[in-house]
Amino acid sequence: MASVRKGLKTAKSPHLRVYCGPSEEDASVDVLPSKQATVTVPLGEILPLLADAVRSDRTWLRDFAQDEITISMDLYEVILAYQFYRRPSA
């Protein structure tokens, strides 16, 4: 029996880590009166991830499709201008 076990190789268990979210310096959490937590992050940090999720047609995006976000007025104006000028010409 010992000789049989000696010939068997045991697989190492994978090294797993627990993700606890962004560090405090990366994001801030504000508790709103409605008791919903919000996170403030730089737009440049999430845009590549969202763009990849859209290109990959990730299902989880649909879960948030009706969520409202708050953006600055100047970003909103730039987005409106981009929307207008990217329309195909007739």
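The values are calculated or read from the model by the stated rules, or taken from the named source; none is laboratory data. Keep in mind that this is a model prediction, so the values were computed, not measured. Heavy atoms of the whole protein, side chains included, go into the accessibility calculation; ligands, DNA and RNA do not. Shrake-Rupley method; radii C 1.70, N 1.55, O 1.52, S 1.80 Å.
With every protein chain in place, what's the accessible area of S72 (1.4 Å probe, Å², nearest 10)?
Near enough 60 Å² of accessible area.
Quote to one decimal, in nm, the extra length available between R58 and Y85 on full extension: 0.36 nm per residue of separation minus the C-alpha distance between them.
Working: separation 27, 0.36 × 27 = 9.72 nm, distance 2.76 nm.
Gain on stretching R58 to Y85: 7.0 nm.
Applying the Karplus parametrisation 6.51 cos²θ - 1.76 cosθ + 1.60 with θ = phi - 60° to the phi angles of region 56-64, what ³J(HN,Hα) value in whole Hz is obtained for each residue in order, glycine and proline being reported as x?
8, 6, 5, 4, 4, 4, 5, 5, 10
Using θ = phi - 60° and the Karplus form 6.51 cos²θ - 1.76 cosθ + 1.60, what ³J(HN,Hα) does each residue of region 44-54 get, whole Hz, x for Gly and Pro?
Each residue's phi maps through the Karplus curve to give x, 7, 9, 4, x, 5, 5, 4, 5, 5, 5 Hz.
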